[in-house]
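Visitor: Dropping the structure in here first, questions after.
The values are calculated or read from the model by the stated rules, or taken from the named source; none is laboratory data. Since we're looking at a predicted model, the values are computed, not measured. Here the Cβ is made from the backbone with ideal geometry for all residues, glycine too, and neighbour counts use every protein chain on show. Ligands, DNA and RNA are excluded from the accessible area calculation, which covers all protein heavy atoms including side chains. Shrake-Rupley method; radii C 1.70, N 1.55, O 1.52, S 1.80 Å.
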Amino acid sequence: MNLFDKYNTAAPRYTSYPTVPYWDETTFSTAVALERLQQQLETENSISLYIHLPFCERLCTFCGCHKYITKRHEVEQPYIEALLKEWHLYLELLPAKPVLKELHLGGGTPTFFSPLSLEHLLTEITSSVEVDATAELGFEGHPHSTSAQHLRALRRFGFTRVSFGVQDYNPHIQQAINRQQTFNEVAKVSFMARELGYKSVSHDLVYGLPFQCENDIIDSIEKTTILRPDRISLYSYAHVPWVKGTGQRGFKTSDLPEGAQKRKLYEIARELLLENDYVEIGMDHFALRTDDLFHDSVTGQLHRNFMGYTTAKAAVQLGLGVSAIGNSKAAFMQNTKDLKTYYKLLESNTLPVVKGHLLSSEDLCIQQHILNLMCQLQTTWTDELFRYIDFQTLKSSLRTFVADGLLELTETGMQVLEAGRPFLRNICMAFDLRLQRKWPDTKLFSSAV
Ligand SMILES: C[S@@+](CC[C@H](N)C(=O)[O-])C[C@H]1O[C@@H](n2cnc3c(N)ncnc32)[C@H](O)[C@@H]1O
Ligand code: SF4
């Protein structure tokens with residue numbers, strides 16, 4: 001059997017360990033999570049901030065992000081005020097004025113908000129922290145709604161990174177995913193960003209979209225290489241129609257390329273990108289050698305979190321806004337996804353955290369090995385690891401990958417081979433003790449391929 005069909009099982013994307021469906025609600029307490037956060041900040045007073053801006057004007061029917069579709073821009077002001085209230089609740093808890101090392105505006109569509117609304121939010125935030133001289137500030141921009149005013153306003157606050165959602169350039173696919181945008185629109189906004197001093201312009205592409213075939217991916221990649229973004233995220237289409245609010249519709253499951261056929265699209269894209277001097281980073285990411293992501297990948301500083309691959313900047317990540325996730329090394333906290341509940345909790349001066357996980361020593365150990373694999377494609381055996389996983393059991397679950405030529409085991413550790421890169425998610429599952437203790441009885445994760 002073809003390896004892509006063999007390993008095409010449901011698998012986590014490992015943007016966290018434990019993965020969200022395996023967080024232990026029974027032992028979680030927001031108070032303890034906040035205590036851990038405070039302790040962490042006492043050791044090192046720097047933060048990374050993620051702000052979720054959930055509105056979009058139009059539903060793209062492939063989208064798996066947490067968003068609300070509306071054309072009513074009156075929603076902007078109350079949402080920004082709620083974000084600021086949440087921010088001030090955190091500030092009261094922090095031991096000292098924090099140093100901001102990283103700020104990311106994600107969504108939904110951050111550029112749904114007017115430049116004025118974003119300026120109001122950012123003025124308040126940046127005036128209550130010390131912005132580190134090396135801080136990295138970035139946002140996700142929809143090519144349709146990102147104006148020169150947006151780019152200028154954010155640049156004034158020190159933003160130098162932007163990622164634009166491109167997905168695919170072919171009209172028949174754009175029609176299936178309800179997202180029409182031309183090459184010229186993407187080119188215009190990308191040039192504008194460069195001219196205004198953004199040093200890292202990234203494009204998001206997706207493979208495995210409905211009706212997408214080999215010629216479509218060739219066309220999209222060729223167009224992309226003309227614009228030469230510094231980074232490219234080439235996401236595997238995650239078909240998760242069971243997740244509430246995704247709105248994945250307008251096409252049938254049978255319209256989706258699957259297994260080996262889907263992976264072929266990635267391989268074609270990969271070849272073309274490598275020919276054009278891009279380097280493959282971790283899983284599904286590419287960068288030019290001049291981009292920090294490449295630098296981080298060779299110096300071992302690459303990190304993976306809910307935003308994908310980043311540089312490990314601060315040990316504490318605060319998440320503001322609906323569905324946002326915070327991470328203080330030993331605790332995860334997630335906000336409510338429901339807008340009404342978000343407003344209600346903040347009205348009563350309560351942080352909108354509704355779920356989370358307190359990491360045990362075992363979790364922290366497994367997390368490190370999974371991060372090593374996802375970021376560096378290798379990990380080193382430690383005595384601590386074998387306190388939690390029996391070596392023989394681990395070896396026997398990895399045996400199938402060894403036999404298929406996907407990884408090598410050595411005396412001191414393991415190395416995922418180039419052929420194993422597409423199966424990183426499957427390989428990490430051999431370390432995922434929480435998953436192994438309780439295999440899901442319903443579908444929780446998208447397919448590995
Ligand atoms: C929040 S959106 C980007 C910003 C803006 N909303 C836009 O669409 O241009 C983040 C990215 O997630 C990716 N994405 C969304 N849904 C996905 C899915 N089901 N499978 C894979 N990637 C997906 C898309 O590439 C998208 O550009
Ligand atoms: S892809 Fe972007 S614009 Fe489209 S629905 Fe998702 S978050 Fe909104």
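Visitor: Could you go through segment 259-268 and let me know if any residue there is in a helix (DSSP H, G or I), open to solvent by 40 Å² or more (accessible area, probe 1.4 Å), closer than 24 Å to Asp291 by Cβ and free of Cβ contacts under 8 Å to residues at least 12 places away in the same chain.
Guide: Yes: one or more hits.
Visitor: Please list, ordered by residue number, the helices (runs of 4 or more DSSP H) wholly in segment 133-210 having 1 or more residues that are surrounded by fewer than 17 Cβ atoms within 10 Å (Cβ to Cβ) and of a type in the set (A, V, I, L, M, F, W, C).
Guide: Values: elements: 148-156, 171-176, 183-195.
Output list reads 148-156, 183-195.
Visitor: Right, something else. Of the residues that sit in segment 162-194 and are of a type in the set (D, E, K, R) and more than 14 Å from Gly250 (Cβ to Cβ), which one is nearest to ligand 1 (Cβ to nearest atom)? Even if it seems obvious, please write down each step before you answer.
Guide: Let us first name the residues in segment 162-194 that are of a type in the set (D, E, K, R), namely 168, 179, 185, 188, 194.
Now narrow it down to the ones that are more than 14 Å from Gly250 (Cβ to Cβ): 168, 185, 188, 194.
Working: Asp168: 10, Glu185: 11, Lys188: 15, Arg194: 18 Å.
Residue satisfying both the conditions and the ranking: Asp168.
Visitor: Kindly provide the set of residues from segment 191-206 that are more than 15 Å from ligand 2 (Cβ to nearest atom) and either over 19 Å from Thr290 (Cα atoms) or under 21 Å from the mean Cα position of the chain (by Cα) (or both), ordered by number.
Guide: Within segment 191-206, the first condition is being more than 15 Å from ligand 2 (Cβ to nearest atom), and the residues that meet it are 191-201.
Of everything in segment 191-206, those that are more than 15 Å from ligand 2 (Cβ to nearest atom) and either over 19 Å from Thr290 (Cα atoms) or under 21 Å from the mean Cα position of the chain (by Cα) (or both) turn out to be Met192, Tyr198, Lys199, Ser200, Val201.
Visitor: Name the residue, out of Phe55, Phe62, that is within 16 Å of ligand 1 (Cβ to nearest atom), at pLDDT below 95 and either crowded, with 16+ Cβ neighbours inside 10 Å or over 23 Å from the mean Cα position of the chain (by Cα) (or both).
Guide: Only one candidate qualifies: Phe62.
Visitor: List every residue pair whose Cβ atoms sit under 9 Å apart, with the two residues 6 or more apart in sequence or on different chains, where the first one lies in segment 93-119 and is of a type in the set (Asp, Glu) and the second, anywhere, is in a loop (DSSP other than H, G, I, E, B) and open to solvent by less than 20 Å² (accessible area, probe 1.4 Å).
Guide: As it stands, the answer is none, since no pair meets every condition given.
Visitor: Looking at segment 78-87, which of its residues are surrounded by 13 or more Cβ atoms within 10 Å (Cβ to Cβ) and not hydroxyl-bearing (Ser, Thr, Tyr)?
Guide: Step one: filter segment 78-87 for residues surrounded by 13 or more Cβ atoms within 10 Å (Cβ to Cβ), giving 79-87.
Once the filter is applied, which keeps residues that are surrounded by 13 or more Cβ atoms within 10 Å (Cβ to Cβ) and not hydroxyl-bearing (Ser, Thr, Tyr), segment 78-87 yields Ile80, Glu81, Ala82, Leu83, Leu84, Lys85, Glu86, Trp87.
Visitor: Restricting attention to segment 106-116, and to residues there that are surrounded by 17 or more Cβ atoms within 10 Å (Cβ to Cβ) and part of a helix (DSSP H, G or I), which single residue is farthest from the chain's Cα centre (by Cα)?
Guide: The qualifying residue farthest from the chain's Cα centre (by Cα) is Pro115.
Visitor: Separate question: Just checking: which of the strands (runs of 3 or more DSSP E) contained wholly in segment 333-449 hold 1 or more residues that are among the β-branched types (Val, Ile, Thr)? Even if it seems obvious, please write down each step before you answer.
Guide: Details: elements: 353-358, 378-380, 407-409, 413-416.
Once the strands (runs of 3 or more DSSP E) in segment 333-449 are filtered for at least 1 residues that are among the β-branched types (Val, Ile, Thr), what remains is 353-358, 378-380, 413-416.
Visitor: Is it true that Phe159 is within 16 Å of ligand 1 (Cβ to nearest atom), within 23 Å of the chain's Cα centre (by Cα) and aromatic (Phe, Trp, Tyr)?
Guide: yes
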